[in-house]
Amino acid sequence: MSVQIDRRSFLVSVAAVGSALSLGFDIPFGPRGVRAADSAREITAWVVIGRDESVTIRVAKSEMGQGSFTALPMLVAEELECDWI
């Protein structure tokens, strides 16, 4: 016995699954996110402003002599109007 699937029902089911995956869902089991103890404000995943108004800039690129560890923090400090120390 073979199951006949018409094109319309296939497209509806694929659209439903695709939209559910794109919207996201919460899996109740597994590890929960850990919050920082100092309750620093994370502006993005790359910029953190501490309670003492210190700015931490995370760089996810490796430094190979092109100056990215200096240039990227300087750009962020310029945009946030921070003192570059």
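The values are calculated or read from the model by the stated rules, or taken from the named source; none is laboratory data. For clarity, every value in this text was computed on a predicted model and none was experimentally measured. Cβ coordinates were reconstructed from backbone atoms using ideal geometry, including for glycine residues, and neighbour counts include every protein chain displayed.
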Step by step: first the residues of the stretch 44-65, then only those that are in contact with a strand residue (DSSP E or B) (Cβ under 8 Å, 6 or more places away or on another chain) and not charged (D, E, K, R), then the one that is farthest from D83 (Cα to Cα). Which residue is that?
W46
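In the set S54, S62, which member is modelled with pLDDT of 75 or more and surrounded by 11 or more Cβ atoms within 10 Å (Cβ to Cβ)? Please lay out each step first, then the result.
Working: S62 fails: surrounded by 11 or more Cβ atoms within 10 Å (Cβ to Cβ).
Just one listed residue meets the conditions, S54.
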